[in-house]
Amino acid sequence: MARYYVNDNAQSNGEHEVHVPTCDYYAQIKSKTYLGEHTSCAPAVREAKKYYANSNGCYYCCNPCHTG
């Protein structure tokens with residue numbers, strides 16, 4: 001299981017990306033919400049959508065949940 005976080009600051013397209021701490025982009029996040037430990041990115045993105053309806057998996061660390 002991995003720990004997942006959602007970026008509290010939306011990207012320019014309005015999406016809030018979900019990341020794991022090992023992601024290269026995770027260190028750049030200034031404000032994030034902990035989503036818990038999950039077996040994959042899918043439940044983490046579902047949890048993120050409770051905070052931000054427009055949530056998406058990071059292309060790099062949560063690619064199966066990245067909808068482009």
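The values are calculated or read from the model by the stated rules, or taken from the named source; none is laboratory data. This is a predicted model, so every value here is computed, not measured. Because the Cβ atoms are built from the backbone with ideal geometry, glycine has one as well, and the counts that use them run over all protein chains shown. Just so you know, the surface numbers come from the protein's heavy atoms only, side chains and all, with ligands and any DNA or RNA stripped out. Shrake-Rupley method; radii C 1.70, N 1.55, O 1.52, S 1.80 Å.
Entry comment: accessible area of region 1-66 is 59 Å² per residue, from protein heavy atoms only and a probe of 1.4 Å. So what is the relative contact order of the chain, in percent, for Cα pairs below 8 Å that sit 6 or more residues apart? Across the chain, relative contact order equals 35 percent. Separation of region 33-68 and region 16-30, taken as the distance between their Cα centroids, equals 11 angstrom.
Farthest toward the dipole's positive end in the chain, which of PRO64, CYS23, ALA10, given Cβ charges of +1 (Lys, Arg) and -1 (Asp, Glu) about the Cα centre? Working it through, the farthest residue towards the positive pole turns out to be ALA10.
For the chain, with all protein chains in place and a probe radius of 1.4 Å, 46% of the accessible heavy-atom surface sits on carbon or sulfur.
Using Cβ point charges alone (K and R +1, D and E -1), the dipole size of the chain about the Cα centre works out to roughly 140 debye. Each other residue within a Cβ distance under 14 Å of LEU35 adds +1 if Lys or Arg and -1 if Asp or Glu, for a net charge of +1. So what's the Cα pair-distance distribution over the chain, bin width 5 Å, in %? Bin by bin from 0 Å, the calculated values are 4, 21, 35, 29, 10, 1.
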